[in-house]
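The values are calculated or read from the model by the stated rules, or taken from the named source; none is laboratory data. Keep in mind that this is a model prediction, so the values were computed, not measured. Heads up: the accessible areas ignore ligands, DNA and RNA and are worked out on the full protein's heavy atoms, side chains in. Shrake-Rupley method; radii C 1.70, N 1.55, O 1.52, S 1.80 Å.
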Amino acid sequence: QVQLVESGGGLVQAGGSLRLSCATSGRAFSNYAMGWFRQAPGQEREFVAAITWSGGTTRYADSVKGRFTISRVYAKNTVYLQMNSLKPEDTAVYYCAAASLGLLSRDVNNYDYWGQGTQVTVSS
């Protein structure tokens, strides 16, 4: 059974930092791209960042570029999202996802597996 499990969310003040983790299990994701998305109340799920599992190439949404960093550790089958200089508008549920096409897509429809999400709340 394929599982993506996010952790690391919480409440932080504006300007603070959080690191989200996404632990994968149940299959080998060696050819998958891994992405982070977020969804605020009443809004559509939006792309945040993505990374190729093997090559380490990354892509970011303009709104987080320079503040967020996506990375992965093969040995731990884990993908991370380091979030610095957080803003109240970053408040959302953050989801980890895996894409079998291996492309760094911004489209939610290109991702095959999803985690349950972790809440990030940034207070002003």
- Find the accessible area per residue for segment 33-124; the probe is 1.4 Å, ligands and nucleic acids are left out, and the unit is Å². 48
- HN-Hα couplings for segment 28-34 via Karplus (6.51, -1.76, 1.60; θ = phi - 60°), in whole Hz with x for Gly/Pro, come out as 8, 9, 5, 10, 8, 8, 10
- the chain: relative contact order in percent, alpha carbon pairs under 8 Å with at least 6 residues between: 36
- Task: Have a look at GLY16, GLY56, GLY42 and tell me which one the Gaussian network model of the chain (Cα, springs below 10 Å) gives the largest fluctuation.
- Result: GLY42
- Long-range amide H contacts for GLY10: which residues qualify at under 5 Å (H placed 1.01 Å from N, peptide plane, sequence gap of 5 or more or a different chain)? VAL120, THR121
- Item | Between segment 38-97 and segment 105-124, the Cα center-to-center distance that results, in Å | 8
- By the gyration tensor of its Cα atoms, with a ≥ b ≥ c the square roots of the eigenvalues, what is the shape of segment 29-72: rounded for a/c under 1.5, prolate for a/b over b/c, or oblate? oblate
- Between SER25 and LEU103, 0.36 nm times their residue separation minus their Cα-Cα distance comes to what? 26.1 nm
